[in-house]
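The values are calculated or read from the model by the stated rules, or taken from the named source; none is laboratory data. Because the structure is a prediction, the values reported are computed rather than measured. Positions of Cβ are generated from backbone atoms using ideal geometry, with glycine treated the same way; all protein chains shown enter the neighbour counts. The protein model used for the area step is the full one, side chains on, heavy atoms only, and it has no ligands, DNA or RNA in it. Shrake-Rupley method; radii C 1.70, N 1.55, O 1.52, S 1.80 Å.
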Amino acid sequence: MARLLQDPSKLHPSEWYTANQMQRASTESQKSRSECMIAESWRLVDEIEKTTQKTQSDVNKKLEQRREEIKFWKQELDNKLEQIVHETEILLTFKNRLERALEGCKEPLVVAQKCLLYRQRRVGIDLVHDEVEQQLLKEVEVLQGIIALLGRTLEQTNEQIRLNRSAKYDLDMDLKDKFTALTIDDYCASLTNDTPHIIYADDAMKLEGNFISPEDWIDFTNVNVEKADKQRNNSLALKALIDGILSQIANDMRKQCEMVNNAFRNRVKEVKDAKHKLETLLAMVMDETASQEKNIAALKKAITDKEAPVKVAQTRLEARNHRPNVELCYDTVHSSLMSEVQEITKNIQRQDALAQAQTELKGLSRRQLSLEEEIKVKENTLYIDEVLCMQMRESVCINNY
């Protein structure tokens, strides 16, 4: 009757015990799993912390190595930049030396050309292709060759300066980039986990831009360094070449200038000697002319002096031709008078000596004119060579450049 009256919705006590046991078992299981999870979490946190610290330490080391690497190459670039700047500055002084040398060749060339032009004013026999003219022509040729050589060397120097500046530009740009990169890496090295204002940057993981490999990075700087070294070595070689050229051209110019001056001195001496000999001959001719003039005067006087005797003889003959009759005798007196008249007349008419003397006098006059003209030619030559040319050449100064 009691079983029939039991509420069907109520559970049996055994079920209650079973349910409690299940709750306890489930809770203990959950607690156990939670404890395991907590232990695993602490282990994982500890592992992640250690890994993060290790990774960050490794990154810091690599960052420091990178900074040292950048500093090394930056120092290399600084050294090469200093060297190329120094060489360029020196090369600019060599360029100035070349320009001064080129300018210094102009005056000697103008003087040599003027000398050749002045010497075209020589006249007569003195307009000769002598040693002076040969040396002047050689001097013009030497100077023109030197000017051409200096011009080519100056062009080569300008090109080398341009190449040096190009290498300097590349070094400057590389150094600028290295400085920026080092500044950035210095900033990165200064960052710590406690640094304020550090942020998340999700986009930082994207490899955008023209990233290059470390090998290419080194090669790029190596190319700039090698280019600077090459241009520096070329500059050193060019400086040695310029030194040699400037020394050689100064020697060549001095040597040829002295050759010309010696030729002038010898030629002036020759012309003076020739002029002196001509003046001696002129004095002899003038003396001989005076003697000949006296001789002609004496001959003319001798002829004049014969006029009276012939008049006397002819007057006597004329008078005796009037003797009368038989007295008109061809006696010894008449015969002698005839002979006297014939002899004196014949002597008067014989003017060969006088004519010859007058011819000689004309010849002496012509010789005097010829000698005087030749002396004027020599004076003109001396004026050109000694006054115009040699005095002008005294202003020529050949320096070491």
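Summary table below
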item: Given (1) farther than 22 Å from residue 224 by Cα; (2) basic (Lys, Arg); (3) under 38 Å from the mean Cα position of the chain (by Cα), number of the condition residue 54 does not satisfy; result: (3)
item: Within segment 81-119, considering residues that are within 24 Å of residue 253 (Cβ to Cβ) and more than 23 Å from the chain's Cα centre (by Cα), the one surrounded by the fewest Cβ atoms within 10 Å (Cβ to Cβ); result: 117
item: Qualifying residue in segment 169-176 (condition: closer than 23 Å to residue 87 by Cβ, among the hydroxyl-bearing types (Ser, Thr, Tyr), out of contact with any strand residue (DSSP E or B) (no Cβ under 6 Å at 6 or more places or on another chain) and open to solvent by 20 Å² or more (accessible area, probe 1.4 Å)); result: yes
item: Pair list, Cβ under 8 Å, 6 or more apart: segment 371-386 residue under 14 Å from residue 267 (Cβ atoms) and open to solvent by 70 Å² or more (accessible area, probe 1.4 Å), other residue in a helix (DSSP H, G or I) and modelled with pLDDT under 95; result: none
item: Failed criterion for residue 199 (all others in (1) of a type in the set (A, V, I, L, M, F, W, C); (2) part of a loop (DSSP other than H, G, I, E, B); (3) touching a residue at least 60 places away in the same chain (Cβ under 8 Å) hold); result: (3)
item: Condition broken by residue 128, with the remaining ones in (1) modelled with pLDDT under 95; (2) farther than 30 Å from residue 269 by Cα satisfied; result: (2)
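So that you can scan it fast, the table gives a plain yes or no per residue for (1) in a helix (DSSP H, G or I); (2) under 30 Å from residue 144 (Cβ atoms); (3) open to solvent by less than 80 Å² (accessible area, probe 1.4 Å):
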{"site": "211", "(1), (2), (3)": "no, no, no"}
{"site": "217", "(1), (2), (3)": "yes, no, yes"}
{"site": "229", "(1), (2), (3)": "yes, no, yes"}
{"site": "245", "(1), (2), (3)": "yes, yes, yes"}
{"site": "276", "(1), (2), (3)": "yes, no, no"}
{"site": "290", "(1), (2), (3)": "yes, no, yes"}
{"site": "299", "(1), (2), (3)": "yes, no, yes"}
{"site": "303", "(1), (2), (3)": "yes, no, yes"}
{"site": "312", "(1), (2), (3)": "yes, no, yes"}
